[in-house]
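See structure below.
The values are calculated or read from the model by the stated rules, or taken from the named source; none is laboratory data. Just so it is clear, the structure is predicted and the values come from calculations on it, not from any experiment. Note: ideal-geometry Cβ built from the backbone for every residue, glycine included; neighbour counts use all protein chains shown. These accessible areas exclude ligands, DNA and RNA; they are computed on the full protein's heavy atoms, side chains included. Shrake-Rupley method; radii C 1.70, N 1.55, O 1.52, S 1.80 Å.
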Amino acid sequence: MALWWHVRHGNYASFNGHSFRLPLLWRSTNPDRGEIFRLSHAVQLNIDHAVGGIRNEQQAEAFQRQILATYGRGVEEGRFSPETIRAHGLSFLCVRENSAQPWALYLCVVPGTDWQIGLTGGQAGLDDARRILASAR
């Protein structure tokens, strides 16, 4: 299905006025709520509007710290780590769970937007997800 999607739509999918380059095996679905970039039924990158509204830089950084503190409580040191992806004026402030499990946490927010981004599928799509986010224009 991904190859057919690329034939019909090219290599870019859009969300909220920004475009993202999708690798050849990924495709975009456009449900009523948010945007989903999908590699398979088990691996997808969800970009959606957060309920809390637009976060400024300080609020986004505080959210990242809060996620690190909440999920890191009671687990081994280094299991969760912060990560920042920069792309053409956007900064994706992410929290990554260092786990090989398919349900490992990967969550990002973008200062100046109400975006909330999550990866389902853990390590299987992590490198592609980083490249997709870094391609944002």
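A few points about this structure:
- Residue list for region 94-137, restricted to those being in contact with a helix residue (DSSP H, G or I) (Cβ under 8 Å, 6 or more places away or on another chain), among the aliphatic types (A, V, I, L, M) and either open to solvent by 10 Å² or more (accessible area, probe 1.4 Å) or closer than 18 Å to residue 37 by Cα (or both): 100, 104, 105, 107, 109, 110, 117, 119
- In region 85-112, the residues that are farther than 20 Å from residue 50 by Cα and in contact (Cβ under 8 Å) with a residue 24 or more places away in the chain form Cβ pairs under 8 Å with partners that are hydroxyl-bearing (Ser, Thr, Tyr) and open to solvent by 50 Å² or more (accessible area, probe 1.4 Å), at six or more places apart or across chains, as follows: 97/71.
- Residue pairs meeting the criteria (Cβ under 8 Å; at least 6 apart or on separate chains; first loosely packed, with under 15 Cβ neighbours inside 10 Å, in region 20-31; second of a type in the set (Lys, Arg) and assigned to a strand (DSSP E or B)): 29/38
For (1) out of contact with any helix residue (DSSP H, G or I) (no Cβ under 6 Å at 6 or more places or on another chain); (2) more than 19 Å from residue 119 (Cα to Cα); (3) open to solvent by 70 Å² or more (accessible area, probe 1.4 Å); (4) among the small types (Gly, Ala, Ser), each residue gets a yes or a no:
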site: 43; (1), (2), (3), (4): no, no, no, no
site: 49; (1), (2), (3), (4): yes, no, yes, no
site: 58; (1), (2), (3), (4): yes, yes, yes, no
site: 86; (1), (2), (3), (4): yes, no, yes, no
site: 89; (1), (2), (3), (4): yes, yes, yes, yes
